Each structure stands twice: as structure tokens, then as C-alpha cells.
1. Where Lys and Arg each count +1 and Asp and Glu each count -1, what net charge lies around residue 363 among other residues with Cβ under 12 Å from its Cβ?
2. Within 14 Å, Cβ to Cβ, of residue 178, how many net charges do the neighbouring residues add up to if Lys/Arg are +1 and Asp/Glu are -1?
3. When the Cα centres of region 176-216 and region 321-364 are compared, how far apart do they sit, in Å?
4. Take the Cα radius of gyration of region 307-392 and divide it by 2.2 N^0.38 Å, with N its residue count; two decimals is plenty.
5. With a cut-off of 8 Å between alpha carbons and a minimum separation of six or more residues, what is the relative contact order of the chain in percent?
6. Over the Cα atoms of the chain, compute the convex hull volume and normalise it per residue, giving Å³.
7. Could you tally the net charge around residue 383, taking each other residue with its Cβ under 14 Å from the Cβ of residue 383, Lys/Arg +1 and Asp/Glu -1?
8. Separation between the residue 335 and residue 387 pseudo-spin-labels, each 7 Å from Cα along Cα→Cβ, expressed in nm?
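Read-outs: derived from the displayed coordinates by stated rules, not from any lab. Computed from a prediction, not measured in an experiment: that's the story for all the values here. Virtual Cβ from ideal backbone geometry, glycine too; neighbours counted across all protein chains shown.
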Amino acid sequence: MTAHPLRVVADAHIWGLKNAFSFIPGFSVDLQVVENREITRKLLKHTDILLTRSSTKVNRELLEGTSVRFVATATIGDDHFDKRWLEANGIGWANAAGSSTGSVIEYMTAVLLELHVRGLISIPGSTLGIIGIGRIGSVLTSVCENLGMKLLCNDPPRERTERAGGFSSMQSLLGKADVVTLHTPLLSDGDDRTFHLIDSAWLSRFQGRGIINAARGGCVDNGALLNWLDGDAKRFAVLDCWEGEPDIHKPLLAHPQLVIATPHIAGHSLDGKAANTQYIYSALCNFLGVEPTWSMRDELPAVEEAQCIVVNDELWLSLHRLVTALYPIMRDDQTMKAWLEPGVSLPGSFSAFRRNYPVRRAWNHERVSVVNANEAFIHYAHAIGIDLLNSEG
């Protein structure tokens, strides 16, 4: 049987790219791996498939007059795709929505425990407002409930569609939540617009102390957030997503009440990045009508050494120590804030760090043993997705 030619252009920073896409059953693949800045209409003129990350705007300006018939992004977010234009022109598309959910949940767990040990929140006593109850928000709700937090869940599209109880109005959330975390897509227009959802008017009504954004940078007006932080020394923010990435607002990064700053890496565990590739590989195979043959499980390295944690009498400090052993989030914060030094290119450092992010494994692949663990510690460790090898006394 003659193999059909398939010309593929792909962003060089998609994990496992060459092994995943060099061979597709029934096709003779010509895979061209390039930097995102090299992805142009001229390059794509005779291309069939385009694989990107979030830095490539996929729209009429890029694709009109080309032979591209399927595009996929190895990211959860797809606001860099003009989906209406793609669909109107018969071009298939896919994202990796859901692939990095576990990684983002681990990031959020590390954030909450860090805030707790620093006295900014009390996990069992704080009310967390979650805006966006999709894949990530839903799992986060379950985790936080298991940790004993009070929750307010806001998701107008789901509330309208499902006509179910359990959702909070924005007015209620503004008045009752101690901390608000965003997990929405970025929508620029319509009734459910999320661009600058958190703006100066929103912040002026918010009675809580903390804002966390691990969704999309444009969901928060970064200038308004800076002014809000200036208004009260007790306020704080945690940002993984920033407006204008990678050329982010330097005064906001430098603000002392920005207690955790990370360069859009919440979903960047090695397993999360591998899952991004698996999702778009499977989507492409489905588009082409062939059975997938590549699996990320064949590519991921084994975890070699088990870590050992000694539990003390303070439950939350012990859990913080456990989570920090698996993901030292403040290392990422310190790395990012070092880019404030004179002579350092903030945009260049931001992009380079994301592309060369240190290996961080998903917790369900880590091996952890504990000493002196009590029932409460074991319960909460399991609640945040960590399986312990043993609980020696």
C-alpha cells in the first residue's frame, strides 16, 4: 500500500515531538521542526498539519492561502486560535484541554500550603472563591473540600446550562471569600467575557485579601491589581499567568505583596507536558482516521529514588514539607524574581525558563516514604494525591 504524503510543521518546544509525529500509520511524514517565530504563511503554503504552542497566533493572517487542514496546540488554552475562522474554512483544530489538570492541581496545592505556613491563610478556616468550575476548578473543589476549606464556586455558564444549585453569585463571592482563584478560559467578548474579569471595579468590591491567577493572564487587569495591592498592606497576590507574556509588568513582579510569582508553569510538570503531546497526537490520528501507535508512557523516565519525610506534631507544616519535597514552588518564585536584577532581559528569561523548565514529576509517579505518620497526615496526604510507601513509626 502506498503511503500518503503528510507535511507537518511543528513548534520545536512540544515535548516528545519527533518520536510522536515522525511516524503515523499509512502516511509518509515530512516533519519540519521550527521555532515559533519561524511559523509564517510562506512556510505553511504547502503544509497539511500545523502543531503549535500558545505563542503562535493561528488565524486568517497566518493560514489564508495555505494548504493547512488541521491545527493543534499542545496547551490547555486555545485563545490564540481563531476558532470561528478555522471552522468557517473547514480547518480541523484541537487543543490539549485536560492534559495538565493534575499538574495545575499540584501547583495550587503547593500554593495553598505555602500561604498557610506563612500565615496568610488558614487552610481549614479560610473561604476560597473558585471562579471557573471546569476540569481544573472541579478537581480543585474536591481537593479543597477534603482539606476542610469553605468554598464558593462561581461559573455562570454552568449554572445557566445545568440549572443546578451550589453555585455562588459574583456578589456573594466578593463579599464572603477570603481568597479568590481563577480557572477560566480567556474570552474577549460575549455574556461570559473573562478578559479583565478582575478589574478595578471588581477589586473595589472585593472584601477578601488574596487573588490567585493560574488561568490566563488577561483575566486579571494587572495594572488594577497593582493599585489594589498598594491600597492595603494585608493584601496579597499569587500569579502564574501574566498580561503581555513574556513582556510582563515589571513593577507588579517587584511588588512585595506578590508573594508567589511563577512564569506560567503551573501545568509544566514533565507528565503534564507529555500529556499535552499525547492529546494532540491522538486528536491528529482521529482526524486522519488511523489508530494511534505512540504512547507517552514509553517515553517517560522511571522515578528512581524514594524520598523520606519525617512527620512532626504540626500537621500542616508536615504536609508542607511533604509537598515541598515533591515540588519546591518557592524555587520557581526565587528564579523569577531574580530576573529583576539590572541587565537581565525579563521577556527573554521568562521564555527561556519555560522552554527549559527543570524536570518536575507528577506526584502519582513519585515515591515517598514517611516516618512517624499519624492517621490525619496519611488522610490528608491521600486527599492531595500523594500515595505513601509506608508509615514507619
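1. -1
2. The answer is +4.
3. 25
4. 1.39
5. About 15 percent, as a whole number.
6. 157
7. So the surrounding residues net to -4.
8. Rounded to a tenth, the inter-label distance reads 2.8 nm.
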